[in-house]
Amino acid sequence: MSTWNSPLARMKAIALGLLLLAAALYALATHMAAAHPAWGYLAAFAEAAMVGAIADWFAVTALFRHPLGLPIPHTAIIPRKQARLGRNLADFICTHFLATPQVMAKLEAFDAAARLAGWLRQPSNAEALGRQLVGIARYGIRALRDERVRRFIQRSATAKLREVDLAGLGGQLLDLLTHERRHQAMLDEVLAQLDALLQDETVQQRIAAGLSAEFSALRFRLFGKDIGLDEKAGQWSADKVVRRVSALIGEISRDDQHELRGKFDGCVASVIARLKEDPAFRLKGEQIREQLLAHPAVAGYLRGLWDELVDWLQADLADADSTIRRRLIRLSLRLGEALAADEAMRRWLNDQLLEVAPTLVERHREDIRRYIAERVAAWDSAELVAQLEHNVGKDLQFIRINGTLVGGMVGLVLHGLTRLLG
């Protein structure tokens, strides 16, 4: 960039030009002083203008560097006070922008839930969000192909599975399923299915056939003819069994305090207690777990299942009409619509944000303060000076220009007073 294309450089050139003009006027006025008293006024103006210009050049330059490269005390203020400036800047930001009352007031006025709902309801935003999530997922799926990742997942999963207490977990699961006699509803369903099964004609025929085989001794020959009572006895017995079992099922179903229900409760409670406390059950659970983990067929099955899942995910994510992406977009739109229509939910989200914000602000304010101070202190001094001068140097050159003009006017006034009083 040429000199005149830089606003800072142009302002510096103007300020320097005024100084040189004042010097030229001073030389001319001094040379012509004897010709007329007016030249004395011009000389006084030019002399004071040069003093003002040089003084303000020194002051402006001393902010950023040593004037003329000389290590004059109290110059190059910004580089020398860089760390202190960073601390003061950090204090200012944390005090006036990150104080808890200011942050809370801003959050209350911000209405984050409504803004989120409005953002999600925009199809373009939902589309962009879907693309971003698909991109992240695509990268993650590629990472899952890496053999090191696969081995790590396998080792981690195996280690976690070895920590599982199958017997204790089974006891806890049964305990949960039997809470408030839930298992009795399961018993009712099993009994109902059993009754329906017994009413099936095919099942009854099979029961009758089985019983007939047990009554084979009832077959005998009379007058040279085979007479068999086994089939009739089997059929009669089957009918009796089915009717009796069906009646018993009906009794149990109608009576919540039936004796068999109590026995069922006791049996389930016994199994739960043994699963939780019996060392033999615990040992058996550990043996089953180790056999499953060590069996190559199980490992091969799980590996194949994992590969199929990764293949499907990768193929879908690579498709221009990805099912996952379309679902994500629809989910975003529906979430936005639901949130926009549910004032109570929006209020709850805002309340949660306002509840957690003070803790986060208090926890991280000092971290932010230290970060700002350390970053400013770590900046390269030359770069810091260049950036500051680039941003504020143009305005500082007006100090030099004003110093030149104001200094000249003061010199002119002083020369006039001197002549008046002299």
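Read the figures in this text as sums done on the coordinates, not as results from a lab. On a predicted model such as this, the values are computed, not experimentally measured, just so you know. FYI the Cβ positions are ideal-geometry reconstructions off the backbone, even for glycines, and counts take in every protein chain you see.
Spread over its residues, the convex hull of the C-alpha atoms of the chain is 365 Å³ per residue. Using the rule -39500 (n - 2.57) for each DSSP H run of four or more residues, divided by the residues of the chain, the 222 nm mean residue ellipticity is -28500 deg cm²/dmol. Proximity of backbone amide H atoms, modeled 1.01 Å from N, is registered between M32 and no other residue at under 5 Å, excluding neighbours fewer than 5 places apart on the same chain. With θ taken as phi - 60° and the Karplus curve 6.51 cos²θ - 1.76 cosθ + 1.60 applied, the whole-hertz 3J(HN,Hα) list for segment 334-342 is 5, 4, x, 5, 5, 5, 5, 8, 10 Hz, x standing for glycine and proline.
Over the chain, what relative contact order in percent results from Cα pairs under 8 Å that are six or more residues apart? For the chain, the relative contact order is 39 percent. Between amide H atoms placed 1.01 Å from N, distances below 5 Å from H66 occur with A76, all of them 5 or more places distant or on a separate chain. The dipole here belongs to the chain: it is taken about the Cα centre, uses +1 on the Cβ of Lys and Arg and -1 on the Cβ of Asp and Glu, and is about 1440 debye. With a Cα cut-off of under 21 Å and a minimum spacing of 8 residues unless on different chains, the lysine pairs in the chain number 6.
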